[in-house]
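The values are calculated or read from the model by the stated rules, or taken from the named source; none is laboratory data. It should be emphasised that the depicted structure is a prediction, and the values quoted were computed from it without experimental measurement. Every residue, glycine among them, receives a Cβ derived from its backbone with ideal geometry; neighbour counts consider all protein chains shown. Keep in mind that these areas ignore ligands, DNA and RNA; they rest on the heavy atoms of the full protein, side chains included. Shrake-Rupley method; radii C 1.70, N 1.55, O 1.52, S 1.80 Å.
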Amino acid sequence: MDKTFPNLAAAVAGIADGMTVMIGGFGGSGAPIELIHALIDRFLATGHPYGLTVVNNNAGNGHVGLAALIEQGMVRKLICSFPRSADPVVFTEAYLAGKIALELVPQGTLAERIRAGGAGIPAFYTPTSYGTDLAKGKPVEVFEGRPYVQERWLKADYALVKAHLGDSLGNLTYRMAARNFNPLMCTAATTAIAQVSRILAPGTIDPEAVVTPGIFVQGIVEVPRPAQEEDLNRAGSVYPQVAR
Amino acid sequence: MTDRLSPAQMAWRAAQDIADGAYVNLGIGFPEMVARFQPTGRQAIFHTENGILGFGEAPLPGTEDWDLINAGKRAVTLRPGTAFFHHADSFAMVRGGHLDVAILGAYQVAETGDLANWSTGPKGVPAVGGAMDLVHGARRVAVITEHVTKDGKPKLVDRCSLPLTGVACVTRVYTSLAVIDIGDGRFVLREKLPAVTLDALRAVTGAVLHVPGPVADLIVPEI
């Protein structure tokens, strides 16, 4: 068994119009920039996929990665906790123009909804958001004298994540705080695709060091020197390279 | 005699209440400054929502590693004992009651302990981040804030008029004029600047300020 894709284009070929796609990362750390750009390349070449629902903590920064995906008009709805960044112009303009829907979710609730989706738990109760606008319409129940809000699981057709090392069975390690949502999203998607800096032979990664076991990963692709969103933005990058 | 603390001085005062070894989350903005003012001999362990415990100060410009950032997306550094974890574990630390203290900013704090700090109304793009989780997680939730808004309106009020972050969650407020506890639905004055009279303080506080016991002088070094 080998889950390795030969290239980025093959890795994102199965993402269809209207699908829900979880994209890992917190800001630029752990963001699978190359997988996102491969999806944009496919859209520019074929007109697909579009109408995507994207789950991410943020809403993109500058004109690369998730921001570029939104700028191409490929995203119908965003589920996120914090749609602001140093340069949020792409999402802000699309949102204020009514071109993209937003479901705002507290960060910990977003993480737990994804975890629940991956763990087969359809709903759970959390103290977070009780008594606030973000709890409107949701069932509330009292446990041990405290009120809690019911939240539903979150699942996806695809997850695009960035890891550090991987093996051909899909076992993954991460680099520092780039871990963030990536391991959770792998569990909650029907098909999780990981870009990694190096693909190793099974047995090379110490089993004690595996963070995401390969059962949660359906595809893996090597991106030896992945771009950092922060560096791209500091260089004023725009994806794809077009006259503006 | 100073008649108003700077944000750094408010942060200094808040830092005096953090015990050695405490697990602490500091909100983005003013509260981040608390880390600079830990009293000698004490070392708190700082948590950031995106998945680090025990991180260190900002690195020198040019040496940033953008996989090593805090919740404000600013670069931080490793320290002996740093740990990384994913978001579900990070918010288990938050909601599970494992943090000793969370210190947040505020638009408004009510005498009930309600906090409003995420939205100034329906205009623009709403964003919440981890604030609604933090207010229900830490054993102690404190706020650092100017005592009044830029146009002089009270930020300590009887009921918040802005969208709530959490209900009955704040227990102490460090303002530019005073240190005020919240308990049993009341603001209780603990410390005030010597230069500010009780009447003057009450005039800029939007709810009843109770004074059941002695009020200490709020003395903070020049920073």
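Here are some notes:
- Of B:THR63, B:THR40, B:THR112, all but one fail to be farther than 25 Å from B:THR145 by Cα and not hydrophobic (A, V, I, L, M, F, W, C); the exception is B:THR63.
- Output for the range A:23-56, where each listed residue is within 19 Å of A:GLY219 (Cβ to Cβ), within 14 Å of another protein chain (Cβ to nearest Cβ) and hydrophobic (A, V, I, L, M, F, W, C): A:ILE23, A:ALA31, A:ILE33, A:VAL55
- The set of residues in the range B:141-153 that are open to solvent by 40 Å² or more (accessible area, probe 1.4 Å) and hydrophobic (A, V, I, L, M, F, W, C) contains only B:VAL148.
- Condition check for A:ASP17 on (1) under 24 Å from A:SER81 (Cβ atoms); (2) away from every other protein chain (no Cβ under 14 Å): one failure, at (1).
- Residue check for B:ALA11: among the aliphatic types (A, V, I, L, M), in contact (Cβ under 8 Å) with a residue 60 or more places away in the chain, in contact with a Pro (Cβ under 9 Å, 6 or more places away or on another chain) and crowded, with 23+ Cβ neighbours inside 10 Å: yes
One line per residue, one yes/no per condition, for (1) of a type in the set (A, V, I, L, M); (2) without any contact (Cβ under 8 Å) to a residue 24 or more places away in the chain; (3) under 21 Å from B:PRO126 (Cα atoms):
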site: A:ALA9; (1), (2), (3): yes, no, no
site: A:GLU34; (1), (2), (3): no, no, no
site: A:ARG42; (1), (2), (3): no, no, no
site: A:GLY51; (1), (2), (3): no, no, no
site: A:ALA59; (1), (2), (3): yes, no, yes
site: A:GLU71; (1), (2), (3): no, yes, yes
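- Taken over the range A:158-185, the criterion of being crowded, with 24+ Cβ neighbours inside 10 Å, facing chain B (nearest Cβ under 10 Å) and not in a strand (DSSP E or B) is satisfied by A:TYR174, A:ALA177, A:ALA178, A:ARG179, A:ASN180, A:PHE181, A:ASN182, A:PRO183, A:LEU184, A:MET185.
- Looking across the range A:88-111, the residues that are surrounded by fewer than 24 Cβ atoms within 10 Å (Cβ to Cβ), in a loop (DSSP other than H, G, I, E, B) and within 19 Å of the chain's Cα centre (by Cα) come down to A:PRO88, A:ILE100.
- Of all residues in the range A:75-87 being more than 13 Å from chain B (Cβ to nearest Cβ) and surrounded by fewer than 23 Cβ atoms within 10 Å (Cβ to Cβ), the one that is nearest to A:ARG152 (Cα to Cα): A:LYS77
- Taken over the range A:112-129, the residue count meeting the criterion of being open to solvent by less than 10 Å² (accessible area, probe 1.4 Å) and at the interface with chain B (Cβ under 8 Å from one of its Cβ atoms) is 4.
- A:GLN195 meets all of the listed conditions (1) away from chain B (no Cβ under 12 Å); (2) assigned to a helix (DSSP H, G or I); (3) surrounded by 24 or more Cβ atoms within 10 Å (Cβ to Cβ) but one, namely (2).
- Listed by first and then second residue, the pairs linking a residue in the range B:76-104 that is under 19 Å from B:GLY21 (Cα atoms) to a residue that is polar (S, T, N, Q), with Cβ atoms under 6 Å apart and 6 or more places separating them unless they lie on different chains, are B:LEU99/B:ASN25; B:ALA102/B:ASN25.
- Selected residue (criterion: nearest to the chain's Cα centre (by Cα)) from residues of the range B:164-223 that are open to solvent by less than 40 Å² (accessible area, probe 1.4 Å) and of a type in the set (Ser, Thr, Tyr): B:TYR174
- Top-ranked residue of the range B:154-163 - restricted to ones that are under 17 Å from B:SER119 (Cα atoms) and assigned to a loop (DSSP other than H, G, I, E, B), ranked as most open to solvent (accessible area, probe 1.4 Å): B:ARG159
- Considering the range A:198-238, the residues that are within 14 Å of chain B (Cβ to nearest Cβ) and in a helix (DSSP H, G or I) include one that is least open to solvent (accessible area, probe 1.4 Å), namely A:GLU229.
- Members of the range A:103-128 found to be more than 13 Å from B:PHE91 (Cβ to Cβ) and in contact with a helix residue (DSSP H, G or I) (Cβ under 6 Å, 6 or more places away or on another chain), listed by number: A:GLY117, A:GLY118
- Residue count for the range B:78-128, restricted to those that are open to solvent by less than 50 Å² (accessible area, probe 1.4 Å), part of a strand (DSSP E or B) and within 11 Å of chain A (Cβ to nearest Cβ): 3
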